[in-house]
Amino acid sequence: MNLRNVVLCGFGLLMSIGASAQINVLNAKVPEEIGVRTEAQIAYDNDTPLPYGYVDERDVLWSKTTWEIIDLDERVNFPLYYPIDTNNIGSERRSLYDVLVKGIKDGKIEHVYADSYFTEKRTLEDIGASLVYSDTTDLGIEQFNAEGRVDPEFIRKFTLDAGDIEEWRIRGYWYLDKRQGELRYRMLGICPVANEARSKAFEDEGVDAKVELFWVWFPATRDILHRAKAFNRKNTSQPISYDHLLNSRRFHGVVYKEDNVQGDRGVADYINDNALMQLMESERIKEQIRNIEIDLWNY
């Protein structure tokens, strides 16, 4: 077999793998069968997230913790933002925010916290208070004063959805593995950031109250994020799992804080009212981390 045949066989194998990524779309007899795996496919497909290898504390030669902002206005970060309208799209495509919120509501994601240090755990009721704002109309107030009750039609509810998320914040751990001799990154937490649900009720007032909704311990959510797929703009037959997308750092983030002696103060705390200098400081921190690995091999 010559080189040309080898290349053609390899290409054919890749095409067959790609075709199977759109689950049952070519073999479905009715639309309801699209996305449904057969028992044979389930038994054959060992589709689990790539496990993290064990890292002994003695093998960590150097480490640094960083906090980053993933701005969803940047095009490279769109796979984390869309789709925001799920009324006319398949159930297999959901934004990262919808995946996490659904996992929390279903009880599959339990490690939810109020801060990036994972000290205060939050319940579903606590998160619901942050995501939903209820307001009584004037007619409802009049009814309450007259009858002591309020009918549901006089209560307005404003709920945050995927379209309201403005950015994601992540906390990660850079470390130098002396056994492998390379610099590695491990994501620890992820957090959606948006204006409070109250701002949707008073849009005319221009309420700008951007808050961290909740922090999720990332390693415990990998199974759920692996089953959820992000859109692959280059090849729709092979969607990317959110677990793969985040672990491989296929996004652009800006460092806004690093662990330091001043109580982990943020970049904005010592560079005020200068977005350009803050961005340059973020790049300096990134460059400093990259140089750790480069300096390891300099003699």
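The values are calculated or read from the model by the stated rules, or taken from the named source; none is laboratory data. This is a predicted model, so every value here is computed, not measured. Cβ placement follows ideal geometry from the backbone for every residue including glycine, while neighbour counts extend to all protein chains displayed. Just the protein is used for accessible areas: all its heavy atoms, side chains included, with ligands, DNA and RNA removed. Shrake-Rupley method; radii C 1.70, N 1.55, O 1.52, S 1.80 Å.
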Hey, can you tell me all the residues within region 278-298 that are open to solvent by 80 Å² or more (accessible area, probe 1.4 Å) and of a type in the set (Val, Ile, Thr)? ILE294
In region 233-251, how many residues are assigned to a loop (DSSP other than H, G, I, E, B) and within 20 Å of LEU100 (Cβ to Cβ)? 5
If you scan region 75-102, which residues turn out to be under 11 Å from TYR242 (Cα atoms) and among the aliphatic types (A, V, I, L, M)? LEU80, LEU96, VAL99, LEU100
Under the condition of being open to solvent by 50 Å² or more (accessible area, probe 1.4 Å) and in contact with a helix residue (DSSP H, G or I) (Cβ under 9 Å, 6 or more places away or on another chain), which residue from region 213-235 is farthest from SER130 (Cα to Cα)? ASN235
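Taking region 260-277 as the search range and keeping residues that are touching a strand residue (DSSP E or B) at 6+ places or on another chain (Cβ under 8 Å) and surrounded by 14 or more Cβ atoms within 10 Å (Cβ to Cβ), which one is nearest to LEU188 (Cα to Cα)?
Keep residues of region 260-277 that are touching a strand residue (DSSP E or B) at 6+ places or on another chain (Cβ under 8 Å), which gives 264-268.
From the residues that got through so far, the ones that are surrounded by 14 or more Cβ atoms within 10 Å (Cβ to Cβ) too are 264, 266-268.
Values: ASP264: 16, GLY266: 18, VAL267: 20, ALA268: 22 Å.
The selected residue is ASP264.
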Hits in region 279-297 - residues which are under 15 Å from THR66 (Cα atoms) and out of contact with any Lys or Arg (no Cβ under 9 Å at 6 or more places or on another chain): LEU279, GLU281, SER282, GLU283, ARG284, LYS286, GLU287, ARG290
Based on this model, can you work out whether PHE218 counts as touching a Lys or Arg at 6+ places or on another chain (Cβ under 9 Å) and touching a residue at least 60 places away in the same chain (Cβ under 8 Å)? no
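Name the residue, out of LYS108, LYS102, that is under 26 Å from LYS229 (Cα atoms), touching a residue at least 40 places away in the same chain (Cβ under 8 Å), open to solvent by 70 Å² or more (accessible area, probe 1.4 Å) and not polar (S, T, N, Q).
Values: LYS102 fails: touching a residue at least 40 places away in the same chain (Cβ under 8 Å).
Result: LYS108 is the single residue among LYS108, LYS102 that is under 26 Å from LYS229 (Cα atoms), touching a residue at least 40 places away in the same chain (Cβ under 8 Å), open to solvent by 70 Å² or more (accessible area, probe 1.4 Å) and not polar (S, T, N, Q).
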Going through region 126-151 one residue at a time, which ones are open to solvent by 70 Å² or more (accessible area, probe 1.4 Å) and farther than 18 Å from ALA197 by Cβ? ASP138, LEU139, ILE141, GLU142, PHE144, ASN145, ALA146, GLU147, ARG149
What number goes with the only condition from (1) touching a strand residue (DSSP E or B) at 6+ places or on another chain (Cβ under 8 Å); (2) within 17 Å of THR65 (Cβ to Cβ); (3) not polar (S, T, N, Q); (4) not in a strand (DSSP E or B) that VAL255 does not pass? (4)
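Output yes when any residue across region 275-283 is out of contact with any helix residue (DSSP H, G or I) (no Cβ under 6 Å at 6 or more places or on another chain), modelled with pLDDT under 90, outside any loop (DSSP other than H, G, I, E, B) and more than 24 Å from VAL60 (Cα to Cα), and no when none is. Let's see the steps before the verdict.
Start the filter on region 275-283 by keeping residues that are out of contact with any helix residue (DSSP H, G or I) (no Cβ under 6 Å at 6 or more places or on another chain), which leaves 275-277, 279-280, 282-283.
Filter once more, keeping what is modelled with pLDDT under 90: none.
Looking for residues that are out of contact with any helix residue (DSSP H, G or I) (no Cβ under 6 Å at 6 or more places or on another chain), modelled with pLDDT under 90, outside any loop (DSSP other than H, G, I, E, B) and more than 24 Å from VAL60 (Cα to Cα), one finds none in region 275-283, hence no.
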